[in-house]
1. Among the helices (runs of 4 or more DSSP H) lying completely within the stretch A:291-405, list those that include at least 2 residues that are of a type in the set (Val, Ile, Thr).
2. Tell me, please, whether a residue that is among the acidic types (Asp, Glu) and within 20 Å of residue A:316 (Cα to Cα) can be found in the stretch A:228-243.
3. Could you check the stretch B:277-323 and list, in sequence order, the residues that are small (Gly, Ala, Ser), in contact with a Gly (Cβ under 9 Å, 6 or more places away or on another chain) and surrounded by 24 or more Cβ atoms within 10 Å (Cβ to Cβ)?
4. More than 8 Å from chain B (Cβ to nearest Cβ) and surrounded by fewer than 20 Cβ atoms within 10 Å (Cβ to Cβ), is that true of residue A:336?
5. Give the residue that is modelled with the highest pLDDT, with candidates limited to residues of the stretch B:199-212 that are of a type outside the set (A, V, I, L, M) and outside any strand (DSSP E or B).
6. When residues of the stretch B:339-355 are filtered for being within 14 Å of another protein chain (Cβ to nearest Cβ) and out of contact with any His (no Cβ under 8 Å at 6 or more places or on another chain), how many remain?
7. Residues that are touching a strand residue (DSSP E or B) at 6+ places or on another chain (Cβ under 9 Å), more than 14 Å from chain B (Cβ to nearest Cβ) and free of Cβ contacts under 8 Å to residues at least 60 places away in the same chain: does the stretch A:305-315 have at least one?
8. Do you know which residues across the stretch B:161-205 are among the β-branched types (Val, Ile, Thr) and within 27 Å of residue A:229 (Cβ to Cβ)?
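The values are calculated or read from the model by the stated rules, or taken from the named source; none is laboratory data. In this text the structure is predicted, and so the values were computed from the model without any measurement. Please note: Cβ atoms are built from the backbone with ideal geometry, for glycine as well, and neighbour counts cover all protein chains shown. Accessible surface is based on the protein model in full, side chains and every heavy atom, while ligands, DNA and RNA are left aside. Shrake-Rupley method; radii C 1.70, N 1.55, O 1.52, S 1.80 Å.
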2 protein chains.
Amino acid sequence: MTGPAVAHGRLAGLDEIVDIGRDRVRGGYSRHLWDDADRTLREWFTARAAAQGLAVEQDRNGNLWAWWGEPGPDAVVLGSHLDSVPGGGEFDGPLGVVSALDAVALLQAEGRVPTRPCAVVVFAEEEGSRFGVACLGSRLLVGAIDPDRVRRLTDAEGRTFAEVAAAAGADPAHLGADPARLGRIGLFLELHIEQGIGLADDGGPLAVAGSILAHGRWRLDFRGEGNHAGTTRMADRRDPMLAAARAVVAARDAAASAGDARATVGRLHAVPGGTNVIASQVTAWLDARSGDDAEVRALVDGIVDRATEAAASERCTLTVTEESYSGRVRFDRDLRERLRAGLGCVPVLDSGAGHDAGVLAGHVPTAMLFVRNPTGVSHAPGEHAELADCLAGVEALAGLLRGLL
Amino acid sequence: MTGPAVAHGRLAGLDEIVDIGRDRVRGGYSRHLWDDADRTLREWFTARAAAQGLAVEQDRNGNLWAWWGEPGPDAVVLGSHLDSVPGGGEFDGPLGVVSALDAVALLQAEGRVPTRPCAVVVFAEEEGSRFGVACLGSRLLVGAIDPDRVRRLTDAEGRTFAEVAAAAGADPAHLGADPARLGRIGLFLELHIEQGIGLADDGGPLAVAGSILAHGRWRLDFRGEGNHAGTTRMADRRDPMLAAARAVVAARDAAASAGDARATVGRLHAVPGGTNVIASQVTAWLDARSGDDAEVRALVDGIVDRATEAAASERCTLTVTEESYSGRVRFDRDLRERLRAGLGCVPVLDSGAGHDAGVLAGHVPTAMLFVRNPTGVSHAPGEHAELADCLAGVEALAGLLRGLL
């Protein structure tokens, strides 16, 4: 038996895509649903899977499925996503896809023929960086989001999901819950780079997931009056930037005083966005997370209350839209312990990050495997995993497959 | 004698460009130096001036000059700009260009032949919306900005001025002070839509400018650490968005407590700008204005002090860059009173807005004529001037030309 191919100090699969979607302004990678980079990655995945003898199909929601053997019920499904946040790292998503393909390749090299269906999946728009809703492809698959709403979602250029999908050759009319496909999944396992320092000092390369914090995204649209920055007296202004700034501070204050909660405004958009122009509208996106539903709701309610006061004092309006929400997810205990047993009782880590595995966990037995991140940096160009740890991840997936197929 | 052509309720010249550079996201117009819209406007200006028998040349700094008769010394120069802020109105800039061409046309229709040189000028990048420096073309002309610095200025996509100029067929090697050309200007008169409500209740369509507030632009770059919004504990963050938000509030506080001062953050850019990503860098642009240099400096110093404290408390760094600065401008009294005498002693208004006329005022006799803005809205799609008031502006320019040529 040979191990997975390695090139330039990384898994060969990661090396094959290392130049796709580099972001020359932000650093790292910007790979967003059906943009040039994402299309190229989809072509790469299709070609690479085909080279391993896997048949690739795109489902009605833009997710790609590479089947080893005949598609069928009770399938063992591995995978993750290929899209990124703006200026993200090289491992978040692709490591889960490449390691899944490599695990299959290991078993193929061993001469195994699967006795039950097996697939590697690439979920669409996991990061929600183009259309605002995280885990969009998996949410659509399980019926957790209204397809009419999805068709109307717009990107930063104002293009709708329906337009973009059609331009990419996907028929948006067929979007939505896919119970037949979901019913084929016997279990789902997602390998992912760790997104904190939970394994950095622990000695081992791997962990399994215990749960995912409850989390969601809210869009705060502050509307005021655009006008000239030089000619408009301070007292006459209705400046939404002021209200948004106070909301940013409110989010920090609320989360810092609420135990393990997190609240972040990392994206803010001013319209029209000229230096010498008072903004007419400012949109701030709030990412909020905490241990359970009630905690998240209380956190967001407190922030929205203060944002509403700030808007009123500036004679602006505030509209709050929940873009996505995911309750606390606890992964399947049996599958998790089966994984751990094969790995020498690796630690169980809770995750502050959302994943397609979290969406699927409410429908099929699901588990996650984390690969050590020495610095804990995530969603940033400095994200890194050592090759040896990635190889340990591939071997862990292969080990599970050996026991299941 | 016939008046200027009118179409669809506006000056025909404005109607000819009414569809160029519409901004379908922000509303209004986005016309930025050498983008598609600006190039089309330049072609329109060249064709329209040629149709009136004016010879158009582009100077070394991207400004366009349409000469009526032979270029020469002691020229009477009228004009303004064609570029806009993002999502700006239809009058700010183009009204000054169109009314100047129309005033020339009026005199031509009267059979006049100029006895001294006369030109209509279009200054480049007046709003500074692409490369950050307002009145860029006029500043270059008078030698008020280092051409090496200008060549290195970058737009939002990271393209340098030099690259963009070269792509537009302008040789960036020749950028900079143009004393021969400046020396030809006998006087400069810029007609502009009023940018406040100074004429709204006053009964008359026109005013002349007394002075321009001291004003400038400062770029505040806050740098922290990009990381995952879900997995990074609040206490571990170095979030530049927090520091920037506190700077926005500081700007408001400082200006509101400083008499006639104005301070605005209307443009803010977060990198990488993902909903689920703590920003690694946030840039906020501060526009600050007040009665004189000392007042503006005190205002900006106070804001920067508070921004520096905010950055330090977040373990971020702050770099402050002055992008442009213009001291208080007082326009030529003789020229102003000559204009007023011909107009029935119209009011004298001070302006909070910068103009190319303000840049030229330090070098040649310069005046400005304001056309009533009924709502005072400026730098926004709702900006408006009535046709009758625009026609009064054209007639005022023509009257001055009749006395001077």
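1. Working: elements: A:293-313, A:333-342, A:356-360, A:387-404.
Output list reads A:293-313.
2. The answer is yes; a qualifying residue exists.
3. We begin by selecting, within the stretch B:277-323, every residue small (Gly, Ala, Ser); these are B:279-280, B:284, B:288, B:290-291, B:294, B:298, B:302, B:307, B:310-313.
With in contact with a Gly (Cβ under 9 Å, 6 or more places away or on another chain) added as a condition, the list becomes B:279-280, B:288, B:290-291, B:311.
Hits for the stretch B:277-323 are B:279, B:280, B:288, B:290, B:311.
4. Working: more than 8 Å from chain B (Cβ to nearest Cβ): yes; surrounded by fewer than 20 Cβ atoms within 10 Å (Cβ to Cβ): no.
Answer is no for this residue.
5. First, pick out the residues of the stretch B:199-212 that are of a type outside the set (A, V, I, L, M): B:201-205, B:210-211.
Now restrict to residues that are outside any strand (DSSP E or B): B:201-205.
Details: B:201: 74, B:202: 64, B:203: 74, B:204: 92, B:205: 95.
Only one residue fits best here, namely B:205.
6. Going residue by residue through the stretch B:339-355, those that are within 14 Å of another protein chain (Cβ to nearest Cβ) are B:349-355.
Imposing the further condition that a residue be out of contact with any His (no Cβ under 8 Å at 6 or more places or on another chain) reduces the set to B:349-351.
Of the residues in the stretch B:339-355, 3 are within 14 Å of another protein chain (Cβ to nearest Cβ) and out of contact with any His (no Cβ under 8 Å at 6 or more places or on another chain).
7. Yes: one or more hits.
8. Here is the first cut: in the stretch B:161-205, the residues among the β-branched types (Val, Ile, Thr) are B:164, B:185, B:193, B:197.
B:164, B:193, B:197, listed by residue number.
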